[in-house]
Amino acid sequence: MISNIIKTEWLKLKHYKAFWLLIFVTAISYPGINGIAYYAFKDSIDAKSQSGQLVKMLLGNPFAFPQSFHTTAYLSSFFTFIPAIVVIMLVTNEYMFKTHRQNIIDGWKKNTFIWGKFISVVLVTMIVTIFYLAVASFVGVLATKEMSGVNVFEKAQYIGLFSLQVFCQLSIAFLLGLLIRKAFIAYGIYIFYSFILENILSGFFRLKSKKWGIDYGHYLPFEISDRLIPLPPSIGKFNAADNQLAIAAIKNHVVYTIVLTAFVWLLSFYIFKKRDL
Amino acid sequence: MPVLEINAISKSYGKIKALDAVSFSIPQGSVFGLLGPNGSGKTTLLSIVLDVLQADGGGYKWFGQPPSFLQRKKIGSLLETPNLYHYLTAVQSLRITQSISGRGNEDDIHAVLEKVNLHERKNSRFSTYSLGMKQRLAIAAALLGDPSVLVLDEPTNGLDPVGIAEIRDLIKALSDHGHTVIMASHLLDEVEKVCDHVAILKRGKLIASGTVESVLSAEDCIVLNAADQRFLKECINGYPGLIRLNGTAEGLECYFATGTSAAEQINRFCFEQGLVLSQIVVKKKRLEEKFFELTAE
């Protein structure tokens with residue numbers, strides 16, 4: 001059954017040029033953002049100026065192994081909106097072409113259709129994680145001057161954290177596409193909410209956190225998984241106490257993210273089952 | 001055993017009752033026409049039996065069994081519009097149909113494309129097709145793997161006259177090979193040519209169903225003419241079994257309960273009344289005429 005779903009979803013994706021184009025854009029955005037950050041950092045520490053030496057002294061080298069897994073995960077996470085567009089496109093296309101109806105008419109259960117999309121989101125997450133891993137490794141090799149004595153995989157947990165974060169945020173994108181059904185409206189809401197509204201809400205809850213004794217902003221849909229990858233300690237040392245707290249809270253956010261992701265998919269199954277197609 | 005039994009299916013969209021306790025069954029091997037004006041509920045009914053819409057009440061059985069996805073795999077369906085991936089070619093689209101339904105194989109894909117005259121364009125993307133070609137591809141998808149039951153919602157949409165005739169021949173051929181074809185259509189002439197059973201819906205209510213013959217022949221119609229039409233009217237009014245009269249340019253249309261009229265008896269009856277008829281025509285009612293009669297406001 002699962003193999004049939006994978007085969008069918010692959011038949012849908014294999015010849016879809018827009019899908020591969022966006023995957024290509026993702027593929028170049030990850031080395032792009034990390035490369036720009038790395039070379040900007042390298043230029044500043046290579047400078048003989050006082051400020052350059054100060055940066056070097058304060059930050060160390062966040063791109064060297066094992067920190068590269070954390071730093072590139074943090075930087076790459078800003079570009080999750082590109083694979084999110086891919087995921088929204090995959091679900092809204094089915095509505096646009098009415099192929100979601102045809103899939104059911106041809107003999108799929110409604111649950112099978114959502115399982116198909118679940119597998120597609122897993123596939124996109126895997127592709128994105130591979131890009132991240134390649135960039136983290138490449139940047140790590142470039143930035144690490146002396147490999148001996150370095151535990152390259154000391155921060156390898158960020159591979160898992162990054163893929164969990166991507167999967168969670170792509171799942172939210174999927175749910176938006178399923179609910180809204182119109183591609184451009186879904187993209188608009190995703191971008192507006194994730195880049196603007198949630199940051200405003202996050203700031204509001206941070207302001208109120210002293211009064212309320214809790215920062216509800218940590219539990220907003222994107223913030224839950226954003227907090228899986230806090231600022232790398234070498235950069236976060238400017239606010240070391242908060243950074244330490246954020247790193248200590250990662251374990252809790254793994255649980256919250258898994259619960260949120262499970263809820264998103266259960267809701268997707270429920271909506272598709274109950275809705276007229 | 002009927003292929004499909006529909007039992008008191010109801011469906012509403014807000015205050016609008018799209019289907020109101022519709023019940024009928026579709027015999028195996030029949031070519032079943034589902035007729036009705038726009039908005040009568042034909043597509044809604046087909047969508048419910050294909051699990052695309054959920055009924056508010058009632059139920060249905062395919063092959064005597066409660067509904068299941070396994071039954072849908074065995075049914076070739078075209079619902080409303082061709083629903084295929086615009087960026088895929090005909091062959092790639094049919095591979096998806098094949099993968100989901102399990103019907104047919106790679107050779108069958110090429111065979112159905114030849115059957116619907118699309119083989120030359122098999123490697124063109126769906127988005128480059130004309131409306132008629134899209135319709136042909138959707139029919140090819142329904143035919144894939146030679147399913148024993150086909151559900152075709154407006155199968156001749158967008159087709160030219162040659163295409164319509166081809167689909168008619170195709171449906172006849174399917175029927176000759178024992179397939180059951182369930183077809184919703186506006187083209188009453190086409191339905192009359194290919195269907196042996198019909199159901200007529202009006203505003204979500206079933207107003208007639210059965211064999212085409214039984215639906216059409218609820219009344220017999222005989223057109224009479226005589227030199228004195230007024231005397232003809234007076235005279236025929238006394239004939240037992242007469243339901244109603246209708247004066248037309250062709251003559252006086254006389255409607256009788258089925259089986260109560262015979263041209264010879266009517267001729268004798270009039271002659272005994274002292275009237276010589278100049279014309280007696282037994283009129284076969286056409287489906288279109290019956291449809292307008294049944295669905296008239």
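The values are calculated or read from the model by the stated rules, or taken from the named source; none is laboratory data. Remember, it's a predicted structure, so these values are computed and weren't measured experimentally. We place every Cβ from the backbone using ideal geometry, glycine too, and count neighbours over all the protein chains shown.
Could you check, for segment A:21-34, whether at least one of its residues is surrounded by fewer than 16 Cβ atoms within 10 Å (Cβ to Cβ) and more than 22 Å from the chain's Cα centre (by Cα)? No, that holds for no residue. Pairing residues of segment A:187-204 that are within 14 Å of A:T80 (Cα to Cα) with residues that are among the β-branched types (V, I, T) and surrounded by 15 or more Cβ atoms within 10 Å (Cβ to Cβ), at Cβ distances under 7 Å and at least 6 apart in sequence or on separate chains, gives A:Y187/A:I85; A:Y187/A:I88; A:Y190/A:I88. Give A:Y132, A:Y158 a once-over and let me know the one that is touching a residue at least 24 places away in the same chain (Cβ under 8 Å), over 19 Å from A:F19 (Cα atoms) and of a type in the set (F, W, Y). Unique residue meeting the criteria: A:Y158.
Scan segment B:259-285 for residues that are part of a loop (DSSP other than H, G, I, E, B) and either in contact with a helix residue (DSSP H, G or I) (Cβ under 9 Å, 6 or more places away or on another chain) or free of Cβ contacts under 8 Å to residues at least 24 places away in the same chain (or both) and jot them down. Show your work before the answer.
From segment B:259-285, those part of a loop (DSSP other than H, G, I, E, B) are B:259-262, B:273-276, B:284-285; that's our starting set.
Of everything in segment B:259-285, those that are part of a loop (DSSP other than H, G, I, E, B) and either in contact with a helix residue (DSSP H, G or I) (Cβ under 9 Å, 6 or more places away or on another chain) or free of Cβ contacts under 8 Å to residues at least 24 places away in the same chain (or both) turn out to be B:A262, B:Q273, B:G274, B:L275, B:V276, B:K284, B:K285.
Residues in segment B:118-149 that are within 23 Å of B:I182 (Cβ to Cβ), of a type in the set (D, E) and either in a helix (DSSP H, G or I) or not assigned by TED's automatic domain parsing to the domain that holds B:W62 (or both): none. Filtering segment A:199-213 to residues that are of a type outside the set (S, T, N, Q) and either assigned to a helix (DSSP H, G or I) or modelled with pLDDT of 95 or more (or both) leaves A:I200, A:L201, A:G203, A:F204, A:F205, A:R206, A:L207, A:K208, A:K210, A:K211, A:W212. Counted as qualifying within segment B:1-117 are the strands (runs of 3 or more DSSP E) with 1 or more residues that are within 20 Å of the chain's Cα centre (by Cα), more than 14 Å from every other protein chain (Cβ to nearest Cβ) and within 25 Å of B:T211 (Cβ to Cβ), namely B:4-13, B:16-26, B:31-35, B:57-62. The residue pairs whose first member lies in segment B:33-60 and is without any contact (Cβ under 8 Å) to a residue 24 or more places away in the chain, whose second member is basic (K, R), and whose beta carbons are closer than 7 Å, counting only pairs six or more residues apart or on different chains, are B:D51/B:R72.
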